[in-house]
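See below for the structure under consideration.
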Amino acid sequence: MASLSQLNPYHCDQCGAANVVAAPVLYQQGTHSYSTRFYSGTTQSFSAKAAAPPDPRGYGRPLLLWGIPICFTLFWGFVGLVGILDHSKSAMTLGNTVVTLLLIGSICICGMLLNFRRIARYNQQIYPKLQWNWEHTYFCRRCGRFRLISP
Ligand SMILES: [Zn+2]
């Protein structure tokens, strides 16, 4: 058995079955796209869902999460600032609020940039490894075990 496993690494090391399939193949076989006159989409088998490839992280969600408070604080901060500059005496009491709003806005911008940097680092360093692992993962059709086989 040992010599057989050395000759052919593509077998399940739990049950010994040679009926293993690569995760990308399993994913492809279990994913079907359809389109009718009104709808289009994809259906996935349970095993295809389990064998789904890793996703790179997107920028949309942090942009939305940070963007809303940034727009809010900067907009009202500048409105207050313009108010102070126009009628300096009556709007002087707004000074602290304007400073606070602009400060919060700046902190949110820093937070968003840090978040973007973390996402970029994940997509450049971690995601390729996960993708490589996925491409070299095999699924046993007999016992249902996923296993990473590196050549
Ligand atoms: Zn197996």
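What the table below lists for this structure:
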{"item": "CD proxy at 222 nm, helix term only [per DSSP H run n ≥ 4: -39500 (n - 2.57); per residue of the chain; nearest 500]", "result": "-17500 deg cm²/dmol"}
{"item": "Most fluctuating residue given options F78, F116, F139, as computed from a GNM of the chain linking Cα atoms under 10 Å", "result": "F78"}
{"item": "Vicinal HN-Hα couplings computed from phi for the range 14-24 (Karplus, 6.51 cos²θ - 1.76 cosθ + 1.60; Hz; Gly/Pro x)", "result": "8, 10, x, 5, 8, 7, 10, 9, 5, 4, x"}
{"item": "Rounded D (µm²/s) - the range 60-132, Kirkwood Rh over Cα pairs, Stokes-Einstein at 37 °C, 0.692 mPa s", "result": "232"}
{"item": "Accessible area expressed per residue, the chain, with surrounding protein chains retained (probe 1.4 Å, Å²)", "result": "73"}
{"item": "Candidate residues D13, D86: accessible-area rank, largest first, probe 1.4 Å", "result": "D86, D13"}
{"item": "Peptide ranges 20-29, 118-127 listed from the most packed, as the mean C-beta count within 10 angstrom indicates", "result": "20-29, 118-127"}
{"item": "Accessible surface of the chain [probe 1.4 Å, protein heavy atoms]: carbon and sulfur percent", "result": "62"}
{"item": "Cα convex hull of the chain, projected area averaged across orientations, nm²", "result": "15.3"}
{"item": "Percent RCO, i.e. relative contact order, over the chain, from Cα pairs under 8 Å lying at least 6 residues apart", "result": "32"}
{"item": "Integer Hz, Karplus 6.51/-1.76/1.60 couplings in order for the range 107-123, x for Gly and Pro", "result": "5, 5, 4, 4, x, 5, 5, 5, 4, 4, 5, 5, 5, 4, 5, 4, 5"}
{"item": "For the range 88-151 and the range 18-60, distance of Cα centres in Å", "result": "24"}
{"item": "For Y138, distant residues with modelled amide H under 5 Å away", "result": "A23, R147, L148, I149"}
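The values are calculated or read from the model by the stated rules, or taken from the named source; none is laboratory data. All values reported here derive from a predicted model rather than from experimental measurement. All Cβ positions, glycine included, derive from the backbone under ideal geometry; neighbour counts span all protein chains shown. The protein model used for the area step is the full one, side chains on, heavy atoms only, and it has no ligands, DNA or RNA in it. Shrake-Rupley method; radii C 1.70, N 1.55, O 1.52, S 1.80 Å.
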